[in-house]
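Encoded as structure tokens, the structure appears first; notes follow it.
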Amino acid sequence: MPKPKSFTAWLKTQADQDNAIGDLAREVSRDPDWPSRKGLPGQRTYLDERGAIPAAMETLERAWTRYEQYKAAQDE
């Protein structure tokens, strides 16, 4: 069974979506400073420190929820 992708790797696969998660994925793909290995808390802090709007924070949370669903499906 293949190991699930990291959150950042998974998120980048969402870049073709025409929604807020796709927007976040495109932004992350272009951001060389994105804290890939910091997990959700570190990524929340990163966005907060850069003055992200509440909608961006909510999108990150939704993306994590979908990522967790992806990981659970990989474990089945």
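Structure summary
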item: Portion, in percent, of the accessible area of the chain that falls on carbon or sulfur, probe 1.4 Å; result: 50
item: The chain: relative contact order as a whole-number percent, Cα under 8 Å and 6+ apart; result: 34
item: Value at 222 nm in deg cm²/dmol, rounded to 500, when DSSP H runs of n ≥ 4 in the chain each add -39,500 (n - 2.57); result: -20500 deg cm²/dmol
item: Label-point separation, GLU61 to LYS38 (7 Å along Cα→Cβ), nm; result: 1.9
item: Among ALA63, ALA20, ALA55, residue whose mean-square fluctuation peaks in a GNM of the chain (springs only between Cα atoms under 10 Å); result: ALA55
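The values are calculated or read from the model by the stated rules, or taken from the named source; none is laboratory data. Computed from a predicted model, the values in this text were never measured in an experiment. Don't worry about glycine lacking a Cβ; one is built from the backbone with ideal geometry, like all the others, and counts go over all protein chains shown. Ligands, DNA and RNA are stripped out before the accessible areas are found, and what is left, the full protein with its side chains, is counted by its heavy atoms. Shrake-Rupley method; radii C 1.70, N 1.55, O 1.52, S 1.80 Å.
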